[in-house]
């Protein structure tokens, strides 16, 4: 029998991939998006499926959240301000889009009797972690970005709603994701620079920042695997591969894929921007214990992303 | 030279005690309170001091926060919904009063150029801690109450504002506080029950919950000590004594102080209410390293509280 799922941020990179997966698995899916960053063309297949219903609305409006949660069993709460880098330019945006919206979703779930939530959290909640690779029960971190703070706030309320109202929760702390429908982050920044001027590339920080990435389909597989096997009330999983790369490695792979050898300049400094974490590497033993493992390496995920961008964002010239 | 300080929740238990202390130390003080739970009589001395200015306003209104922060160097952000026990009866209140209000205060500080914040956080952010006594860098907890979640959210944004905007922050994680002007919590609950019917006392949970308490003047001394000595950007301190007691111990001390021997009944269960933490005991080595130590034991603080309540809440009969 099919169960109705709600996907928030359904027209985004992660949300739209989950929508397609749930429809493929035979579920009824309600999607909600305000299309502030979501893209309608990511929903082309879904919109042709009678089991999919799209709500165009802003989750900051409690009434919209309440409408979306009608008859829903499980919520995949993927809607977020995912613009990590410019947090300090608009200090209250992360609070509104990530913390406040999550509270609205939880309230709608409580009042509608929805049973489960899966939440897109982030390795950024670990700040500059003292333990690397960083496990889920790392020492209490100090938040270094408004984005991380807002996701920590959202996680905290999800846990309290689980304890107070019996909602089962799955908090997934993602590393940066790559792959088809990837629309923001360093690979697209570099890709656009090189499309504009193939002979040179400017890099924020010193290029030695060490980062982790995960391929989008591996990420969604991990979520589904965790949710299929656990009966715990609160479930927290790091999602990533068991490797990391330097920004310079990533640049080399992108350039090789594009057949370019640009001159590279560095802004300098260990951080690319305020709150940038110069070393992100998560301990993923817990999710691996479910039997899941990633199918693509970071290098393969970067290459797959560049292929997608060449098709999706062709040269304007 | 005097410096202007802002105390939010200035008519509350902790806030009013800080106001008196700052005035005694020769500072100019602005206090803000919406008097939803604050008491004007706690400000009798302050209101007679020309260095004190009172704003009656709700910090949920960003304009009120902005007005309050004018010309302010240091903010003691004590305003909060401190009603831990009934969180699930009004699920969004902790978010609004503790998380949202803290964001408003931080925004006002950023726009006004205020330099430092001291924040009243709580040992509740550790949930049911796995490490006891619990240090400041305990393993990342799972939140078990809306109150704890809202304080965790507030702490996270304070840290991110410190990183992003250079505000120095002092996060103080209190155990339960006792002493003069104490107006809610288990001692007042038991006191009122016994005033109503001196022959019997009903206790939530099994009476074996182990809790920690700190005397209000010891708490304020610890805050002042920490803020006088640290030049770190983000400072986090547990504040408590190096002991704990059972609820049953506390009952015995209260009854002895009142000269009563009531029949005691128990609701049963390891928790007094949803999200109640059956064992709170914080590691206070970090604040002790500043040279601070408490002057009263838990027993003495309970006795002092009962003496205060006898004077402050005399029998209605």
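Which members of the stretch B:284-294 meet the condition of being assigned to a loop (DSSP other than H, G, I, E, B) and farther than 18 Å from residue B:177 by Cβ? Don't jump to the end; show me each part of the working.
First, pick out the residues of the stretch B:284-294 that are assigned to a loop (DSSP other than H, G, I, E, B): B:284, B:289-294.
Hits for the stretch B:284-294 are B:289, B:290, B:291.
Among the residues of the stretch A:114-137, what is the count of those that are at the interface with another protein chain (Cβ under 10 Å from one of its Cβ atoms) and out of contact with any strand residue (DSSP E or B) (no Cβ under 7 Å at 6 or more places or on another chain)?
Result for the stretch A:114-137: 3.
Name the one entry in B:289, B:285, B:301 that is surrounded by fewer than 14 Cβ atoms within 10 Å (Cβ to Cβ), touching a strand residue (DSSP E or B) at 6+ places or on another chain (Cβ under 9 Å) and at negative phi. Before you say what the answer is, go through the steps one by one.
Values: B:289 fails: touching a strand residue (DSSP E or B) at 6+ places or on another chain (Cβ under 9 Å); B:301 fails: surrounded by fewer than 14 Cβ atoms within 10 Å (Cβ to Cβ).
Answer to the check: B:285.
Tell me whether the stretch B:53-72 contains one or more residues that are more than 24 Å from residue B:155 (Cα to Cα) and either out of contact with any helix residue (DSSP H, G or I) (no Cβ under 8 Å at 6 or more places or on another chain) or assigned to a helix (DSSP H, G or I) (or both).
For the stretch B:53-72, residues more than 24 Å from residue B:155 (Cα to Cα) and either out of contact with any helix residue (DSSP H, G or I) (no Cβ under 8 Å at 6 or more places or on another chain) or assigned to a helix (DSSP H, G or I) (or both): present.
List the pairs whose first member sits in the stretch B:96-111 and is over 11 Å from residue B:161 (Cα atoms) and within 8 Å of another protein chain (Cβ to nearest Cβ), whose second member is buried (at least 24 other Cβ atoms within 10 Å of the Cβ) and modelled with pLDDT under 95, and whose Cβ atoms are under 9 Å apart, counting only residues at least 6 apart or on separate chains?
none
Go through the stretch A:177-201 residue by residue and tally those that are closer than 16 Å to residue A:258 by Cβ and in contact with a strand residue (DSSP E or B) (Cβ under 9 Å, 6 or more places away or on another chain).
The first filter runs over the stretch A:177-201 and keeps only residues closer than 16 Å to residue A:258 by Cβ, leaving A:178, A:182, A:186-201.
Retained after the next criterion (residues that are in contact with a strand residue (DSSP E or B) (Cβ under 9 Å, 6 or more places away or on another chain)): A:178, A:186-187, A:190, A:193-194, A:199-201.
Of the residues in the stretch A:177-201, 9 are closer than 16 Å to residue A:258 by Cβ and in contact with a strand residue (DSSP E or B) (Cβ under 9 Å, 6 or more places away or on another chain).
Inspect all residues belonging to the stretch A:306-316 and state whether any of them is touching a helix residue (DSSP H, G or I) at 6+ places or on another chain (Cβ under 7 Å) and crowded, with 20+ Cβ neighbours inside 10 Å.
yes
Please note which helices (runs of 4 or more DSSP H) are completely contained in the stretch B:170-278 and include at least 2 residues that are surrounded by fewer than 21 Cβ atoms within 10 Å (Cβ to Cβ) and not assigned by TED's automatic domain parsing to the domain that holds residue B:116.
Working: elements: B:186-196, B:216-229, B:247-258.
Output list reads B:186-196, B:247-258.
When you go through (1) touching a helix residue (DSSP H, G or I) at 6+ places or on another chain (Cβ under 8 Å); (2) surrounded by fewer than 23 Cβ atoms within 10 Å (Cβ to Cβ); (3) under 30 Å from residue B:165 (Cα atoms) one by one for residue A:80, which number turns out not to apply?
Unmet for residue A:80, out of (1) touching a helix residue (DSSP H, G or I) at 6+ places or on another chain (Cβ under 8 Å); (2) surrounded by fewer than 23 Cβ atoms within 10 Å (Cβ to Cβ); (3) under 30 Å from residue B:165 (Cα atoms): (2).
Checking residue B:154 against (1) away from chain A (no Cβ under 12 Å); (2) surrounded by 21 or more Cβ atoms within 10 Å (Cβ to Cβ), only one condition comes out false. Which one?
Against the list (1) away from chain A (no Cβ under 12 Å); (2) surrounded by 21 or more Cβ atoms within 10 Å (Cβ to Cβ), residue B:154 comes up short only on (1).
Which ones in the stretch B:157-172 are touching a strand residue (DSSP E or B) at 6+ places or on another chain (Cβ under 8 Å) and at the interface with chain A (Cβ under 10 Å from one of its Cβ atoms)? Walk me through it before giving the result.
Initially, the stretch B:157-172 is screened for residues touching a strand residue (DSSP E or B) at 6+ places or on another chain (Cβ under 8 Å), giving B:158-159, B:161-163, B:167-172.
Selection gives B:158, B:159, B:161, B:162, B:163, B:169, B:171.
The values are calculated or read from the model by the stated rules, or taken from the named source; none is laboratory data. Not measured: the values here are computed from a predicted model. Ideal geometry is used to build each Cβ from the backbone, glycine not excepted, and the neighbour counts take in all protein chains shown.
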